[in-house]
Structures are given as structure tokens and as C-alpha cells.
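Asker: Pasting in a structure now, in C-alpha cells, and then I'll have a few things to ask.
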Amino acid sequence: MNKFTLLLNNLRGKESIMDVNYKGLNFKLDIKAKREIKRANEIFHEESLLEKLFDNIHDGDQVYDVGANIGVISTLLAKHKNSVNVKIASFEPEPRNFSQLKKNIVLNGLEGKVVPHQMALGKEKGSIGLFIRGYEGEGRHSILASKGSTGTVNVEVETCSAFVEKTGLVPDLIKIDVEGAEGHVLAGMEDLIKTHKKPRAIFLEIHNKGDEDRMPDGGSIDDWLTNLGYELRWEQKRRSGSNRQYSLG
């Protein structure tokens with residue numbers, strides 16, 4: 001798949017389906033914008049994060065993919081050999097991305113194993129304006145960072161703790177990539193962490209925008225998680241911030 005094929009398909013009103021292979025894991029993506037092709041081709045740039053996620057998945061886990069975008073990470077996690085009987089809840093609030101997330105779940109035969117939820121997870125229930133930057137699949141939309149945005153769309157917000165209470169789906173592993181609002185997602189998990197079985201591992205992409213490396217009250221994410229019994233086990237610096245793995249001590 002290349003941008004010229006995508007353009008031709010768009011002119012013809014034809015769907016563009018891209019076949020992707022990551023280390024023997026084959027999957028398909030419904031492509032709407034040329035940046036999605038770039039992101040799919042650069043999936044190996046996320047190799048360190050993916051391998052850490054794969055190493056931490058256990059048979060029968062409930063996984064939360066918070067900021068799932070069009071479902072690349074959810075799909076890879078669901079197809080990995082370690083993911084026997086694993087269930088994945090994929091959270092994506094942006095309507096266009098969510099539509100593609102649903103299509104990609106069906107394209108890869110993952111109905112029932114990957115369940116999409118059109119909502120953001122945050123510190124309190126309600127609705128909020130999501131700043132839109134770019135097109136489908138770009139992964140740059142944010143509830144906090146407005147720089148470069150071309151508009152907003154109102155999206156539903158739920159706390160992670162309330163979602164667990166409603167569904168009974170207690171996460172064993174959580175991946176969070178929400179463009180600078182990571183602390184807001186964690187703040188909405190506090191009751192969950194204090195009253196249920198704690199998630200075994202939490203993976204965060206810390207962004208140099210929004211609240212950066214801070215909780216909503218101004219304290220550091222590292223201190224907040226440390227106080228709740230987590231240890232920083234792995235960190236990878238990125239141009240836009242860092243990837244981190246926190247696990248129970």
C-alpha cells in the first residue's frame with residue numbers, strides 16, 4: 001500500500017486495505033489517510049514497547065488499551081502467542097478513529113476478543129472537548145493540548161474506576177497513550193487501585209505536551225504510582241517524551 005494507491009482508491013470510492021507484518025504477526029488495516037500508511041510501516045519503531053507488552057501478557061488477562069486510535073496495538077496484542085484467552089478493552093473517543101477501530105477488529109476476526117469503547121478515560125465523568133489535529137489514524141488528538149488543532153469534538157469521559165464498577169472488567173495490564181492526559185487517566189483509576197486487585201503492569205507514553213509528567217494536582221506521575229506500590233521497571237526516551245513500564249513492587 002502506498003499513498004498513490006490510497007489516492008486512487010479514494011477517487012474510486014474504494015476501500016484501502018493494507019496488509020501488515022510485524023515479526024510474523026500478520027494483520028490488516030483499513031486505511032483512510034496517508035499518515036496511517038506511514039504509521040503502519042513504522043510499527044518497528046515501537047518494537048521495544050511492543051516486546052515489553054508481549055512479555056507482560058499472561059493467559060486469561062484483561063487488558064485495557066487506552067487511546068487505542070485505529071487499533072494497531074490492540075490487534076498485535078490480541079494476535080500474539082501469549083494472548084490465549086486474553087480480552088482487550090480498546091478505548092478511543094474520536095469518532096473517525098473509532099469507526100476505523102471497529103472495522104479493523106472485524107477485518108482481523110477479533111470480534112469478542114477486542115471490544116471497542118467510544119469514550120475517553122479521565123479523572124471524572126462527563127464530556128469534554130477533544131482537540132482534533134490532523135486526520136484519522138494520526139494519534140495526535142488530545143483533551144489538553146490545543147496547539148496545531150483544527151477544531152474540537154465533544155466526547156464522553158468516564159473514569160476507569162466507574163467503568164470497572166459498571167462492567168466488572170478488572171484490568172490486569174493497562175497501556176495508556178493519550179497525548180499529554182496520562183495523569184488524568186491515572187487519577188480516574190485511584191478507587192480501582194485502592195479497592196480492587198491492582199493492575200499488574202501499567203504502560204504509559206509520557207508526552208511533552210498537555211500536563212506532561214504531572215497528575216492533575218501538580219504532583220509527579222512517578223511519585224503517585226510509587227506511593228501506590230508501583231516501581232518503574234523500564235523507560236525508553238522518545239523525541240516526544242518517553243515510554244514507561246510500571247509494575248507492582
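The values are calculated or read from the model by the stated rules, or taken from the named source; none is laboratory data. As the structure is a prediction and not an experimental result, all values here were calculated from the model. Cβ sites come from the backbone with ideal geometry, for glycine too, and all protein chains shown count toward neighbours. When the accessible area is computed, the model is the full protein with side chains, heavy atoms only, and any ligands, DNA or RNA have been set aside. Shrake-Rupley method; radii C 1.70, N 1.55, O 1.52, S 1.80 Å.
Asker: Compare Gln236, Gln100, Gln118 in a GNM of the chain, Cα atoms joined below 10 Å, and give the one with the largest fluctuation.
Answerer: Answer for the Gaussian network model of the chain: Gln236.
Asker: Can you give the FRET efficiency for Asp223 and Leu169, using 1/(1 + (r/R0)^6), R0 = 41 Å, r = Cβ-Cβ distance, to the nearest 0.05?
Answerer: After rounding, the FRET efficiency stands at 0.90.
Asker: Size of segment 178-236 along its principal axes in angstrom, Cα-based, largest extent first?
Answerer: Taking the Cα atoms of segment 178-236, the three principal extents are 31, 24, 18 Å.
Asker: So, one more: Across segment 1-66, what fraction of all alpha-carbon pairs, as a whole percent, falls in each successive 5 Å bin from zero upward?
Answerer: Answer for segment 1-66: a P(r) of 3, 14, 21, 19, 17, 11, 8, 5, 2 percent.
Asker: Next question, about the same structure. Residues of the chain: accessible area per residue at 1.4 Å, in Å²?
Answerer: Numbers: 11460 Å² over 249 residues.
Roughly 46 Å² per residue, with all protein chains present.
Asker: Taking the chain as a Gaussian network, Cα atoms linked when under 10 Å apart, which of Lys28, Lys38, Lys198 shows the biggest mean-square fluctuation?
Answerer: Lys38
Asker: Something else now. May I ask you to derive the FRET efficiency for Asn82 and Leu11 from their Cβ-Cβ distance with R0 = 30 Å, giving the value to the nearest 0.05?
Answerer: On the way: r = 42 Å, r/R0 = 1.39.
For R0 = 30 Å, the calculated efficiency reads 0.10.
Asker: Write down the Å³ per residue value for the convex hull defined by the alpha carbon atoms of the chain.
Answerer: Numbers: hull volume 30.0 nm³, N = 249.
About 121 Å³ per residue, rounded to a whole number.
Asker: Please identify the DSSP H helices in the chain that span no less than 15 Å along the helix axis (Cα) and have a mean Kyte-Doolittle hydropathy of -1.0 or more.
Answerer: Qualifying helices, which must be both long enough and hydrophobic enough, are 95-107.
Asker: GNM on the chain, C-alpha springs below 10 Å: top fluctuator among Thr159, Thr226, Thr195?
Answerer: Thr195
Asker: Positive end of the dipole of the chain, charges at C-beta (+1 Lys, Arg; -1 Asp, Glu), about the Cα centre: which of Phe54, Leu107, Gly219 has its Cα farthest in that direction?
Answerer: With unit charges placed on the Cβ atoms, the residue in question is Leu107.
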